[in-house]
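**Student:** Quick one: this structure, given as structure tokens, is what I'll be asking you about.
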Amino acid sequence: TCTTGVGPCSCNGSVCKAAGLTPGTSYTMTITLTDNATNTTSKTTTFKTKATWFDKVEIGEYVSYTPNKTSYNISTSLTGYTLIQTINPGGLNLWRVIRKNSDGSIDLVSEYVLEELHFEGKTGYKNYIGTLNTIASQYEKSGITSGSRYMGYNGQTLTITDETMLNRKKAPWTEHTTAENSPKGSTREAQGGGDVLFETDVNLVRAACGTLKALKGNYYIAGRQYDSYDSSWDFNISSVSSDGTVSHVTLYRYDRAFFSSVVHGFHRPIVILKSGIQASSGDGTKTSPWKVN
């Protein structure tokens with residue numbers, strides 16, 4: 001028989017197995033042998049369980065992870081732009097830890113941004129967040145990730161299907177988007193009234209990386225913004241400027257008539273490493289990132 005004092009322990013021949021142990025922790029195991037005459041002898045040994053990578057990795061550290069896919073086409077029906085656009089997910093391979101989740105998974109945001117993308121007009125505005133999430137999903141890898149999201153996604157309407165407010169020739173709302181008037185699940189948010197739900201990821205990235213700024217300049221974040229003026233109103237999409245501040249760029253406007261704009265920016269996805277993933281090398285620095293594939 002054997003015991004560690006914390007959970008079940010059993011022996012089979014010369015091998016003893018204990019359950020309920022915490023990674024990276026020292027324990028004492030007592031093994032007791034009993035012969036046919038009920039004579040007993042005991043031996044005590046100490047050991048330390050191996051720490052998992054999840055226990056060692058820290059928020060803000062660098063991770064080397066390369067998606068499988070090397071090409072993905074984004075149709076005009078998703079962006080409203082006149083041309084099919086192509087990205088190379090395999091081009092992003094350095095990431096930062098922004099959150100360690102209670103289920104053992106880890107959220108990573110790309111350290112860099114990739115190819116410039118274009119969105120245009122009402123079609124682009126309607127599909128904006130859904131398109132960004134579709135793009136983020138191209139960065140997943142079977143056996144390594146358990147999911148993805150585009151930076152800033154927090155349950156916003158993926159595709160606006162109720163165009164009632166988008167087509168009005170009278171201001172649909174008379175105040176700019178705020179957290180109070182456009183919460184998640186509200187009719188206004190679903191009709192294109194905007195949101196500030198992207199702030200959750202913005203705060204995670206700021207805390208982990210020290211800044212929202214990324215190489216190459218401005219990039220999209222998942223969020224819509226509505227602004228109202230005396231005789232006009234703007235339907236905007238959210239982005240991070242080259243100086244690292246959150247801004248809103250007009251995609252669709254009413255000013256005596258509806259007109260569309262073309263907006264361009266880079267993209268920055270988030271992937272979720274599945275629970276139990278181990279790093280094969282590295283120390284979490286930029287020059288020697290944790291390597292997970």
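The values are calculated or read from the model by the stated rules, or taken from the named source; none is laboratory data. This structure is a prediction, so every number in the text was calculated from the model and none was measured. Because the Cβ atoms are built from the backbone with ideal geometry, glycine has one as well, and the counts that use them run over all protein chains shown. For the accessible areas, the whole protein counts, side chains as well, though only heavy atoms, and no ligand, DNA or RNA atoms are used. Shrake-Rupley method; radii C 1.70, N 1.55, O 1.52, S 1.80 Å.
**Student:** Against the condition under 14 Å from His264 (Cα atoms), surrounded by fewer than 20 Cβ atoms within 10 Å (Cβ to Cβ) and either in contact (Cβ under 8 Å) with a residue 40 or more places away in the chain or out of contact with any Phe, Trp or Tyr (no Cβ under 9 Å at 6 or more places or on another chain) (or both), how does Leu114 come out, does it pass?
**Tutor:** For Leu114, the condition - under 14 Å from His264 (Cα atoms), surrounded by fewer than 20 Cβ atoms within 10 Å (Cβ to Cβ) and either in contact (Cβ under 8 Å) with a residue 40 or more places away in the chain or out of contact with any Phe, Trp or Tyr (no Cβ under 9 Å at 6 or more places or on another chain) (or both) - is not met.
**Student:** Still on this structure, I have one more. Since Gly185 meets every condition but one in (1) open to solvent by 20 Å² or more (accessible area, probe 1.4 Å); (2) assigned to a loop (DSSP other than H, G, I, E, B); (3) at negative phi; (4) modelled with pLDDT of 95 or more, which condition does it not meet?
**Tutor:** The failed condition is (3).
**Student:** Modelled with pLDDT of 90 or more and either out of contact with any Leu (no Cβ under 9 Å at 6 or more places or on another chain) or of a type in the set (A, V, I, L, M) (or both), is that true of Lys69?
**Tutor:** Spelling it out, Lys69 is indeed modelled with pLDDT of 90 or more and either out of contact with any Leu (no Cβ under 9 Å at 6 or more places or on another chain) or of a type in the set (A, V, I, L, M) (or both).
**Student:** How many of the residues making up the range 110-148 are aromatic (Phe, Trp, Tyr) and either under 28 Å from Ile277 (Cβ atoms) or modelled with pLDDT under 95 (or both)?
**Tutor:** 2
**Student:** Let me ask you something else. Here is a list of conditions, (1) open to solvent by less than 70 Å² (accessible area, probe 1.4 Å); (2) in contact with a strand residue (DSSP E or B) (Cβ under 9 Å, 6 or more places away or on another chain); (3) over 26 Å from Arg206 (Cα atoms), and Thr46 meets all of them except one; can you say which number that is?
**Tutor:** (1)
**Student:** Do we find a residue being modelled with pLDDT of 90 or more and either charged (D, E, K, R) or in contact with a Pro (Cβ under 7 Å, 6 or more places away or on another chain) (or both) anywhere in the range 20-42?
**Tutor:** no
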